[in-house]
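**Q** Once you've had a glance at the structure underneath, I'll fire off some questions.
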Amino acid sequence: MSEHDHGDRGHHPEPLAPVEARVAAIETVLTAKGMFDPGTLDSIVENFEHNLGPLNGAKVVARAWVDDEYRDRLLTDATAAIAELGFGGPEGDHMVVVANTPDVHNLVVCTLCSCYPWPTLGLPPAWYKEPAYRSRAVREPRALLAEMGTDLSDDVEIRVWDSSAEVRYLVLPERPAGTDGLSQDELVGIVTRDAMIGVARL
Ligand code: FE
């Protein structure tokens, strides 16, 4: 059973799994012997969380904004289109990209645990794993989004996509008005992680 199967022995048990306990023990010993700097690991995780992951997704979005043919490929076969930019692999083997429009807003959740597109967004934020987010995203997405700062008018349809071990979703936000003069690289800089999860608009 892989780490992301939604089985009885899924990937969010409360007690440490044997492998986690073993890793923790090894880390403790190596740290005590001065052979391992926990700060290094923290910096790797930090980089993955704040730079590497969402930046990749932002590059995908910006490319789709400036290249209609790429956008079509992205919405048809996201995994292949994302691979064109060099991103893919575990936790992103089967990607689906859903596009926001003036009438439709897409929201991504994993109701069962925390499935998330690692190659394009990095590690999920803590709130993404919280039971409150996972349940309310389905039960009352409009109220949840409003609380998170995204007020949608009642005539905007909200589509909620439930991630799984098999399929991971990425939201293609609308390109903001007034960005016609920006280069593709500059556009990358305005795409946020939250917009690609669908809890924010740009
Ligand atoms: Fe999950």
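**Q** Search the range 160-182 for residues that are under 20 Å from residue 192 (Cβ atoms) and pair each with any residue that is in a loop (DSSP other than H, G, I, E, B) and within 15 Å of the ligand (Cβ to nearest atom) when their beta-carbon atoms are under 6 Å apart and the residues are at least 6 apart or on different chains.
**A** 163/110; 163/115; 168/92; 168/117; 169/163; 170/117
**Q** While we're looking at this one, here's another question. So which residues in the range 89-121 are closer than 20 Å to residue 158 by Cα and of a type in the set (D, E, K, R)?
**A** The one that is closer than 20 Å to residue 158 by Cα and of a type in the set (D, E, K, R): 103.
**Q** Next question. Suppose we keep only residues that are over 14 Å from residue 100 (Cβ atoms) and within 15 Å of the ligand (Cβ to nearest atom) within the range 145-174. Which one would you say is modelled with the lowest pLDDT?
**A** 165
**Q** Also: What's the number of the condition residue 70 fails, among (1) at pLDDT below 90; (2) among the hydroxyl-bearing types (Ser, Thr, Tyr); (3) part of a helix (DSSP H, G or I)?
**A** Going through the list (1) at pLDDT below 90; (2) among the hydroxyl-bearing types (Ser, Thr, Tyr); (3) part of a helix (DSSP H, G or I), residue 70 breaks only (1).
**Q** With respect to residue 164, is the statement that it is loosely packed, with under 13 Cβ neighbours inside 10 Å and either among the hydroxyl-bearing types (Ser, Thr, Tyr) or touching an Asp or Glu at 6+ places or on another chain (Cβ under 8 Å) (or both) true?
**A** It is false that residue 164 is loosely packed, with under 13 Cβ neighbours inside 10 Å and either among the hydroxyl-bearing types (Ser, Thr, Tyr) or touching an Asp or Glu at 6+ places or on another chain (Cβ under 8 Å) (or both).
**Q** Of everything in the range 169-197, what is in contact with a helix residue (DSSP H, G or I) (Cβ under 8 Å, 6 or more places away or on another chain) and charged (D, E, K, R)? Give them in sequence order.
**A** The answer is 175, 185, 193.
**Q** Going through the range 79-100 one residue at a time, which ones are within 12 Å of residue 163 (Cβ to Cβ) and either at pLDDT below 95 or more than 15 Å from the chain's Cα centre (by Cα) (or both)?
**A** Hits for the range 79-100 are 91, 92.
**Q** Let me ask something else. State the number of residues belonging to the range 165-176 that are over 17 Å from residue 152 (Cβ atoms) and either of a type in the set (Val, Ile, Thr) or part of a loop (DSSP other than H, G, I, E, B) (or both).
**A** Residues in the range 165-176 being over 17 Å from residue 152 (Cβ atoms) and either of a type in the set (Val, Ile, Thr) or part of a loop (DSSP other than H, G, I, E, B) (or both): 4 in total.
**Q** Condition (residue is within 16 Å of the ligand (Cβ to nearest atom), surrounded by 12 or more Cβ atoms within 10 Å (Cβ to Cβ) and modelled with pLDDT under 80) applied to the range 14-37: is it met by at least one residue?
**A** No; the residues of the range 14-37 include none that is within 16 Å of the ligand (Cβ to nearest atom), surrounded by 12 or more Cβ atoms within 10 Å (Cβ to Cβ) and modelled with pLDDT under 80.
The values are calculated or read from the model by the stated rules, or taken from the named source; none is laboratory data. Because the structure is a prediction, the values reported are computed rather than measured. Quick reminder, even Gly has a Cβ in these numbers, built from the backbone with ideal geometry, and neighbours come from all protein chains shown.
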